[in-house]
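Every number in this text was worked out from the coordinates using simple rules, so none of it is lab data. Just so it is clear, the model here is predicted, and its values are computed rather than measured. Positions of Cβ are backbone-derived with ideal geometry, glycine not excepted, and every protein chain shown enters the neighbour counts.
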């Protein structure tokens with residue numbers, strides 16, 4: 001089991017009120033799985049994604065990633081886990097505008113302490129997987145939306161993570177390009193055996209994953225295809 | 001993340017905002033330039049004074065009328081002088097001490113030197129034949145005052161190079177009549193060029209017999225007596241002799257002050273150091289202002305790049321990585337300012353000396369190290385707060401930041 005979540009809860013304080021973003025959620029995801037987490041906004045799916053992505057820590061319960069108890073790690077340890085295990089793909093791409101596609105893709109390797117030469121080789125290899133090698137020297141502003149998202153996917157893949165975590169990855173793309181990106185995710189999931197977790201409110205995109213988990217009001221209400 | 005890469009990233013960010021980075025460095029540029037400039041002037045003065053005193057000879061003593069508690073050179077005090085220093089005092093010193101090899105009584109005054117239609121306002125020095133020996137000067141043409149010139153109160157004058165050129169041009173002044181403060185004198189000699197020393201231009205001076213000067217300026221006492229001690233390595237016996245002889249002549253009262261060259265040098269050095277530190281303090285204020293400018297811009301930069309910080313953190317940057325990234329950036333900005341300020345300060349210092357040789361400047365290694373240290377220090381000190389702000393950002397918040 002790659003991800004083991006047990007009775008995970010997250011409580012935010014908003015003044016005097018306590019907001020329960022997650023209520024004792026339990027969940028297990030296999031290595032190589034393809035999962036969509038769906039739910040309306042405010043349902044807690046973003047909180048769940050942030051915790052799975054090691055950007056946030058839970059208020060209660062436990063989260064094991066690859067056998068390691070992540071839920072009790074400190075910030076620096078979490079940064080290392082993010083660097084080695086998680087590849088993020090954001091709705092707004094989040095590429096650094098002054099850096100070329102290649103430099104953007106190589107960014108996680110910088111924090112992994114990979115040598116300059118290897119960084120270049122690995123980044124080119126990742127760009128090859130998303131069919132963008134010929135655009136390696138372009139700045140994000142010189143690329144189309146779909147191309148930018150492919151650069152972002154290459155960046156997520158470059159350090160060979162176990163999880164590809166995509167948050168509304170087609171939200172800023174038109175439908176046709178969005179389908180291409182989803183197809184790319186499916187291909188990577190099948191060929192590279194990377195675990196895919198898609199967070200979306202779009203049912204059609206959710207159907208592209210083999211398993212759909214629906215969250216409402218901080219709790220899992222349905223888990224299909226498992 | 002390796003250091004080289006950090007420097008590259010920081011350089012990129014500085015280049016991306018060229019004008020802003022330049023304006024940010026300006027405070028440090030001005031601060032460091034003024035540190036360099038002011039300290040180099042201070043150092044130059046110190047070196048200059050040391051050279052001046054070395055040129056004068058280390059066995060020189062001065063006796064001023066009046067008693068001072070504080071040691072040091074400069075002007076005679078405004079005190080109640082019971083006995084003025086007289087020519088007889090000078091002669092007594094000359095005759096009664098084995099520890100003294102030269103004595104020159106001095107009367108200093110100002111006056112106009114004239115020859116036909118040409119005139120010049122200058123310093124008139126009344127003294128006697130031992131003056132050039134005591135002060136390490138030499139005569140270029142003719143001869144200096146002779147012993148009998150003073151005894152007979154001859155109306156002869158020795159003039160400096162500048163005055164010779166001014167009044168006589170290419171003609172020989174020897175034997176020619178001139179007027180010094182309305183009185184007629186004959187030029188007996190021209191001094192060899194000597195240049196300036198302690199604000200006195202030896203080339204722009206007229207020397208006349210000391211008693212003639214007392215008459216001319218209607219003075220009863222000497223301005224000072226210059227004394228050359230026999231033993232340059234131990235002035236104490238000469239000082240003791242002077243005090244003993246003069247006290248005996250002044251009804252056992254010590255109404256005069258003996259100052260050695262070392263005393264004067266020390267006083268000047270103290271003044272120079274005090275000046276240097278005061279100026280350094282002023283320069284530090286501009287560095288402080290420059291540092292606050294850097295902190296301000298770095299805080300803006302952190303805010304602007306909140307998203308970038310969020311992305312970097314999501315991709316695995318640890319707290320330390322972000323902290324170092326922003327620290328390096330602020331140190332680079334301030335060092336850049338330091339380097340520019342260094343160049344600017346050195347340039348101004350050199351051109352000041354080139355334009356006005358009277359203001360010597362000297363750039364020493366410690367000044368350079370001080371400037372470099374200051375600018376790096378400013379970068380670190382004022383970069384820490386913004387860098388910490390950046391490092392402490394919550395990645396989720398930072399990623400959501402618009």
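Quick look at the values:
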{"read-out": "Footprinting exposure proxy for B:18, B:84 (fewest neighbouring C-beta atoms within 10 Å first)", "value": "B:18, B:84"}
{"read-out": "Nearest 10 degrees, 0 to 90: helix B:261-304 Cα axis against chain B principal axis", "value": "20 degrees"}
{"read-out": "Centre separation in Å (Cα based) which lies between the stretch A:181-211 and the stretch A:89-153", "value": "20 Å"}
{"read-out": "With 10 Å bins from 0: P(r) over the protein assembly as shown, alpha-carbon pairs, percent", "value": "3, 13, 16, 13, 9, 7, 7, 7, 8, 8, 6, 3, 0, 0"}
{"read-out": "Cα-derived Rg to Rh of chain B, Kirkwood definition", "value": "1.24"}
{"read-out": "Cα convex hull of the stretch B:359-402 - mean projected area over all directions, nm²", "value": "5.3 nm²"}
{"read-out": "Principal-axis tilt of helix A:175-191 within chain A, Cα atoms, nearest 10 degrees", "value": "90 degrees"}
{"read-out": "For chain A: span of alpha carbons on each principal axis (Å, largest first)", "value": "50, 38, 36"}
{"read-out": "Two-decimal Rg to Rh for the stretch B:82-254 - Kirkwood Rh, Cα set", "value": "1.00"}
{"read-out": "Helix A:145-157 vs. chain A, principal-axis angle (Cα, 0 to 90°, nearest 10)", "value": "70 degrees"}
{"read-out": "Rg in Å to one decimal, and Dmax rounded to a whole Å, for the stretch B:98-189 via C-alpha atoms", "value": "13.4, 49"}
